[in-house]
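What follows is a short report on a single structure.
The values are calculated or read from the model by the stated rules, or taken from the named source; none is laboratory data. Everything quoted here is computed from the prediction, not taken from an experiment. Backbone-built Cβ (ideal geometry, glycine too); neighbour counts: all protein chains shown.
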Amino acid sequence: MDHQRSAPDQRATAPFAQPPLDGGSSSLWFDPPLGDQDRRHQLTRQRVVTEALAVIAHDGIQALTMRHLATRLGVVPGALYHHVRNKQQLQDLLLDNVLAEINLQLDATLDWTDQLTLLAHRLRQVLEAHPGVAGILKTRDPLGPHSLALAEAFLQPLQAAGFTNHHAGLAFFLLIDYTVGFAVSTSATSVNEQRLRDPATRAQLHQFFRSLPPDRFPALVALGHHHWVDNRDQRFSTGLGVLIAGLQHPPNSPTNTARQP
């Protein structure tokens, strides 16, 4: 099976149907921008999306409001609605804009475990390059061209490996939830990660754990300096490896089995 995908800078060109979203309404996502021919202030849908990503990166997801975005763009809030229908569509558009950066090209000769590992690392790398976006992805599935292409890229190796339909679906969401969840909970910009990156702060933490009463906290006294270390990449790789190893040996259950290739 051919696992090749478009390069990250190539946009999907195949026609997509308009899947029902939000209670059966037509996809907000595939709707063309309204009045995009009106280029006053050079305002375009892409500029709106790009500025929204900048707001999230600099001020956090809570700062992304249509009014705040309009102020940054130097327009009245109503001007934004010529290009995006509402905040929900804006989130879907910026999510798919970010997912377009993921390189989905895979070597079909690689083992399915290696293909999934590579995809998960690429997904994490892109999400962490856009602080705050992973948090949106945890709550919204944009179902845009690049979101669909990402799902297809994860599902094909599972299908080719002989997973049952049921187990392939479980495996897909385990991988996505782990990768996106890691990007959300252990962001490189978080206070905890910044503490661990600073050698002086890290040394103070280690000294604190060693000073704890050993009769009450024996494990922390012995292991605290191994726990609080600057090893985000290793933590992600280790967890991903454990997860994929578990997929190779699923529990012996009639509804949760996989045929190994």
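Name the single residue that is farthest from TRP112 (Cα to Cα) among those in the stretch 137-168 being at pLDDT below 95 and of a type in the set (D, E, K, R). Looking at residues that are at pLDDT below 95 and of a type in the set (D, E, K, R), I get ARG140.
Restricting the search to the stretch 116-143, which residues are touching an Asp or Glu at 6+ places or on another chain (Cβ under 6 Å) and surrounded by 22 or more Cβ atoms within 10 Å (Cβ to Cβ)?
Here is the first cut: in the stretch 116-143, the ones touching an Asp or Glu at 6+ places or on another chain (Cβ under 6 Å) are 126, 142.
Once the filter is applied, which keeps residues that are touching an Asp or Glu at 6+ places or on another chain (Cβ under 6 Å) and surrounded by 22 or more Cβ atoms within 10 Å (Cβ to Cβ), the stretch 116-143 yields only PRO142.
Any residue at all in the stretch 106-115 that is of a type in the set (A, V, I, L, M, F, W, C), crowded, with 18+ Cβ neighbours inside 10 Å, free of Cβ contacts under 8 Å to residues at least 60 places away in the same chain and in contact with a helix residue (DSSP H, G or I) (Cβ under 7 Å, 6 or more places away or on another chain)? No, the stretch 106-115 has no match at all.
Of these, VAL75, VAL84, VAL48, which one is modelled with pLDDT of 90 or more, hydrophobic (A, V, I, L, M, F, W, C), closer than 27 Å to ALA151 by Cα and assigned to a loop (DSSP other than H, G, I, E, B)?
VAL84
Which condition from (1) surrounded by fewer than 12 Cβ atoms within 10 Å (Cβ to Cβ); (2) closer than 30 Å to ALA161 by Cα; (3) at pLDDT 80 or above is the one that ALA183 breaks? Condition (1) is where ALA183 drops out.
Please pick out the residue among LEU212, LEU240, LEU247 that is in a loop (DSSP other than H, G, I, E, B), modelled with pLDDT of 90 or more and of a type outside the set (Val, Ile, Thr). Working first, answer last.
On the way: LEU240 fails: in a loop (DSSP other than H, G, I, E, B); LEU247 fails: in a loop (DSSP other than H, G, I, E, B).
When all the criteria are applied, what remains is LEU212.
Tally up the residues in the stretch 207-235 that are of a type in the set (A, V, I, L, M, F, W, C) and within 30 Å of HIS121 (Cβ to Cβ), please. Residues in the stretch 207-235 being of a type in the set (A, V, I, L, M, F, W, C) and within 30 Å of HIS121 (Cβ to Cβ): 3 in total.
Quick check on GLY224: is it at pLDDT 85 or above, surrounded by 13 or more Cβ atoms within 10 Å (Cβ to Cβ) and not in a loop (DSSP other than H, G, I, E, B)?
Numbers: at pLDDT 85 or above: no; surrounded by 13 or more Cβ atoms within 10 Å (Cβ to Cβ): yes; not in a loop (DSSP other than H, G, I, E, B): yes.
So GLY224 fails the test.
Contact map, the stretch 40-65: residues that are free of Cβ contacts under 8 Å to residues at least 60 places away in the same chain and under 18 Å from ASN86 (Cα atoms) paired with residues that are assigned to a loop (DSSP other than H, G, I, E, B) and of a type in the set (Val, Ile, Thr), Cβ distance under 9 Å, separation 6+ or inter-chain. Pairs shown: LEU43/VAL75; ARG45/VAL84; VAL48/VAL84; VAL49/VAL84; ALA52/VAL84; VAL55/THR65.
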